[in-house]
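The structure appears below as structure tokens.
The values are calculated or read from the model by the stated rules, or taken from the named source; none is laboratory data. Keep in mind that what you see is a predicted model, and the values were worked out from it rather than measured. When we count neighbours, we look across all protein chains shown, and the Cβ atoms used for this are built from the backbone with ideal geometry, even at glycine. Surface accessibility is based on the protein's heavy atoms, side chains included, excluding ligands, DNA and RNA. Shrake-Rupley method; radii C 1.70, N 1.55, O 1.52, S 1.80 Å.
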2 protein chains.
Amino acid sequence: MEADKIGALPGQPNGVDFNHYSGYVTVDSKAGRALFYYFAESPDKSSTKPLVLWLNGGPGCSSLIGAMMELGPFRINNDGKTLFRNDYAWNNVANVIFLESPAGVGFSYSNTSSDYHHIGDKSTAKDAYTFLVNWLERFPQYKTRDFYITGESYAGHYVPQLAYTILLNNKNANQTLINLKGIAVGNGWIDDRTGYLGRYDYLWTHALNSDETNKGIHAYCHHFNDKDPNECDDFQSKSYVEQGDIDGYNIYAPLCPLDFSSSIKNSNDSVNSFDPCSDYYMISYLNRPEVQTALHAGVAKWHKCSYSIFGWTDSPASILPIFKNLMATGLRVWLYSGDVDSVVPITSTRYAINELKLPLKTAWRAWSTDNQVGGYVEEYEGLTLVTVRDAGHLVPSYQPARSLTMISSFLLGLLPPP
Amino acid sequence: MEADKIGALPGQPNGVDFNHYSGYVTVDSKAGRALFYYFAESPDKSSTKPLVLWLNGGPGCSSLIGAMMELGPFRINNDGKTLFRNDYAWNNVANVIFLESPAGVGFSYSNTSSDYHHIGDKSTAKDAYTFLVNWLERFPQYKTRDFYITGESYAGHYVPQLAYTILLNNKNANQTLINLKGIAVGNGWIDDRTGYLGRYDYLWTHALNSDETNKGIHAYCHHFNDKDPNECDDFQSKSYVEQGDIDGYNIYAPLCPLDFSSSIKNSNDSVNSFDPCSDYYMISYLNRPEVQTALHAGVAKWHKCSYSIFGWTDSPASILPIFKNLMATGLRVWLYSGDVDSVVPITSTRYAINELKLPLKTAWRAWSTDNQVGGYVEEYEGLTLVTVRDAGHLVPSYQPARSLTMISSFLLGLLPPP
């Protein structure tokens, strides 16, 4: 634990009032497979606050995206060298682990290169579980702490699969090995058919696609896999071309200009103004040797999304059966969604929930933060849907205050305030 | 003409390089009915540029909204006293008349109070036509100039009706009294049934309404008038409640805080950052006695939307037949739409166009300005649809640069640049 403690991150602002740690946890010593994590404790009364695991998606994308661009305690200035504080970091209300998963992603690695070619949902969940068990040996004060798993995008697979693995192991061991209380998935990819259908309907209803293309999708795409006729592919390609060169992850955001290093306007160092070039600041920062040293990371080229892992051996077409299993155990299950994301849009999430045919518990209503509507909430038996207004795929990037209200409510087991 | 010339508007910035005029044009001397206008010439080569009439909607809302918050040469600072330049004002490419219409709206008035109670589409079009003819006598150099009518919202009625009146009078007179070349309507209310249907579908697909409410609307609302059962009303009320306290005219914009005068953040005096409190600055500015004097307006309480006019005697359920007539004459007809407006949303405009069953001429594609997608365009035979990305109901308020690109293309008779 102390060996993993971070002295100071290069360029961090003054007055850092919380402990943070990072390093490797071996998940397979024979293969030489180790996962990298960054852990930010809460500044205030951390021992009373829950433990939260955050997972980015992809598959193959690093959870340091979550740490450095979304919900972590710091964001990176446009110099790519210095940090500023995120006032709405989730470690205000929890102790947060960011896990780079699976091996081959970010700083996580395997010494057995074949590991990068035989990778999929199952092995990812298994390694993440092994990581957690070993991590808790290193941080034993968290062993009995309330534990939650959160994540976004393809973590719509990772989060419920890991939750299921934990519950199974707790059951097999006949004791609570990990005190899992709930999961929250943001803009999660959880069901292929409704996912794609929701995406194309979103593009059409948000005036990014023509009527003709939407008609074509509905006429020819039924399964959104290779059972569909070739016309389905054609209309999917048309859909892509028609939307033009926009950021599908936030359909109203500007793109980072090509000559951003010279021309980008001041990022204001403010967490409230999203900078479309932040990707580049993060890539620059995490590849600085002094940053990698401070993080106890192996010196390596850090990529946002992995170029090392190839193919993906298993990815069920629907995770809804796992959701059903989890809900049956009484686990707290939230699906949240930024409403200006076209990649895994709110329509996809709503269509997927409709597949579950759940009884309604609390009817659709607005919720608020800072006297503005933060989004909407609808509570079903066993599952809660929360939207975050004017947020893209990476919800806390675009709406940090709203996302903190949302996750605080989740951790308290309350609906977000009206 | 010279009598209407504005010396200087109170609080105007230095370096105003165009002529502007305002005053009254009598449309019925017997009744004492006069319409107020503000006219901004183009700074550069105004004699080579077309004449454009702008109309706001309501019915009953002032076109000074267009002048002071949207496409006019100035916007109002948050002191309610001083002005800053709108770099993307439409008088960069045209000479623009803002007409307060009908009498009873803004500074326009009638000495016959019954005029305020017998008012509707027909009388509005008639008076606007009379205004134009008389105005051209005052500004004879514009008599043969290419003329365009633009406007938004309920001007979806005003604009085509006035265009039709002009063409009819030209025909009856057997000569070109007014050299009308085209019309452009923004987020226009043009057909009641598709208008309402599009609104409710927009609310649902933009995650502002529940599935249950959208199902109810589709089950019970067929005509969106009193032929529908009471259940339709109930679901419409539910739809309203469910969206909560947001600005329906720009669903992602913040609301002006209640204590805005003390707490509102700096508006940056920038036309690029929309200030949700600009309404208040405008009301404050236009009610300053020195401003009314400079504008040659009768000293009166200026309201954004009229409290003087009551009822509305005629308003056809659909203006599509008039659009068909206009298109048949070869007039340039554009419908443009900001895509984050829920009041007259892009879905309503698309549904209305679909009613016309027009052959496609140029397939849906993105257009751009400043190297960013500005929106999308689809050209039909006789009618062009243009969306403006991330713009609310008052398109030029939210996206001044994109709206200038759009209207420039319209005036040139070109599709916006790819």
Can you tell me how many residues in segment B:307-340 are in contact (Cβ under 8 Å) with a residue 40 or more places away in the chain and either of a type in the set (Phe, Trp, Tyr) or not assigned by TED's automatic domain parsing to the domain that holds residue B:383 (or both)? 5
Condition test on residue B:331, is it over 16 Å from the mean Cα position of the chain (by Cα) and hydrophobic (A, V, I, L, M, F, W, C)? yes
Here is a check on your reading of the model: is residue B:214 out of contact with any strand residue (DSSP E or B) (no Cβ under 7 Å at 6 or more places or on another chain) and within 28 Å of residue A:348 (Cα to Cα)? yes
So which of A:143, A:126, A:181, A:122 is of a type in the set (Lys, Arg) and within 16 Å of residue A:335 (Cα to Cα)? A:181
Does residue B:129 qualify as being open to solvent by 40 Å² or more (accessible area, probe 1.4 Å), in the same structural domain as residue B:280 (by TED's automatic domain parsing) and among the aromatic types (Phe, Trp, Tyr)? no
Index of the failed condition, residue B:119 passing every other in (1) modelled with pLDDT under 95; (2) touching a strand residue (DSSP E or B) at 6+ places or on another chain (Cβ under 9 Å); (3) buried (at least 23 other Cβ atoms within 10 Å of the Cβ): (2)
Would you be able to say whether some residue in segment A:393-409 is within 14 Å of chain B (Cβ to nearest Cβ) and in contact with a helix residue (DSSP H, G or I) (Cβ under 6 Å, 6 or more places away or on another chain)? yes
Residues located in segment B:76-103, provided they are over 16 Å from residue B:41 (Cβ atoms) and open to solvent by 20 Å² or more (accessible area, probe 1.4 Å): B:78, B:79, B:81, B:82, B:84, B:87, B:88
I want to confirm something. Restricting to segment A:270-310 and keeping residues that are among the hydroxyl-bearing types (Ser, Thr, Tyr) and not in a loop (DSSP other than H, G, I, E, B), which single residue is nearest to residue A:401 (Cα to Cα)? A:278
Could you tell me whether any residue of segment A:358-370 is at the interface with another protein chain (Cβ under 7 Å from one of its Cβ atoms), free of Cβ contacts under 8 Å to residues at least 60 places away in the same chain, of a type in the set (A, V, I, L, M) and out of contact with any Leu (no Cβ under 6 Å at 6 or more places or on another chain)? yes
Tell me, which residue of segment B:301-311 that is hydrophobic (A, V, I, L, M, F, W, C) and surrounded by 15 or more Cβ atoms within 10 Å (Cβ to Cβ) is nearest to residue B:114 (Cα to Cα)? B:309
